[in-house]
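Values quoted throughout were computed directly from the atomic coordinates according to the rules given, and no laboratory measurement underlies them. Only a predicted model underlies this, so the values are computations on that prediction, with no experimental measurement involved. Neighbour counts run over all protein chains shown; Cβ positions are idealised from the backbone, glycine included.
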Amino acid sequence: MYAIVDIAGQQYKVEKDQKIFVHRIEGEEGSKVDFDKVLLIDNDSKVVVGAPVIEGAQVSAKILGHLKGDKVIVFKKKRRKGYQKSNGHRQYLSQIVIEEIVEEGAKKAIASAGKKEAKPVAENKETAPAAEKKETKPAAEKATASEAAASKKTQTNTSSAGTAEKKKTTAGKTTTAKKPATAAKKPAAKKAEPKKTDKDSE
């Protein structure tokens, strides 16, 4: 059995008799602490998930001591600028041991969730036929109206097509295709006769 708990802004996966280091907690060494922000509980593969927290569930722990974490060195440097800086940091921590994981509220939450889910389903089954009946009448009326409009459109289209055909036939009768005027034939140019010379007469 394990649980996922929010302790001092961080989430931890905890089990019974487990020792963990967390951010500094208010309280003296040896005092007990309860954490109510339980996000998930797994009990023999039966998982309960909170939304976001499981109501009534809690994790109780005991503070073993307050201490500092290992030093973390923070080094900064800017090349070609002659700048470099080194800092050290040690985080304040508390060591706790998990004594108990309570999931009484989880069982109540499961039961209440099951009841809440069952009610809306029954209501939906009862209200569904009424909603279908209400929707069928306007749909039938809309269908008849759409059919009437479609028939009117087809009549107007046929009438307009007939009038267009009549106009075409009358236009074909009255107007005759005029042939393009042929260009008048020009008389062939006579060849110039050669002039007679004195040599020819001899």
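Computed quantities for the displayed model
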item	result
FRET E, pair Y92, K46, Förster distance 35 Å, beta-carbon r, rounded to 0.05	0.40
Segment 1-102: radius of gyration and largest Cα-Cα distance (Dmax), Å	18.5, 61
Modelled label reach - D17, point 7 Å along Cα→Cβ, segment 28-61 residues with backbone N closer than 18 Å	44, 60-61
Sequence ranges 67-79, 19-31, 2-14, ranked by mean other-Cβ count within 10 angstrom, highest first	2-14, 19-31, 67-79
Amide H contacts under 5 Å for K37, placed H, 5+ residues apart	D6
Cβ-defined net charge surrounding Q91, 15 Å radius [Lys, Arg +1; Asp, Glu -1]	+3
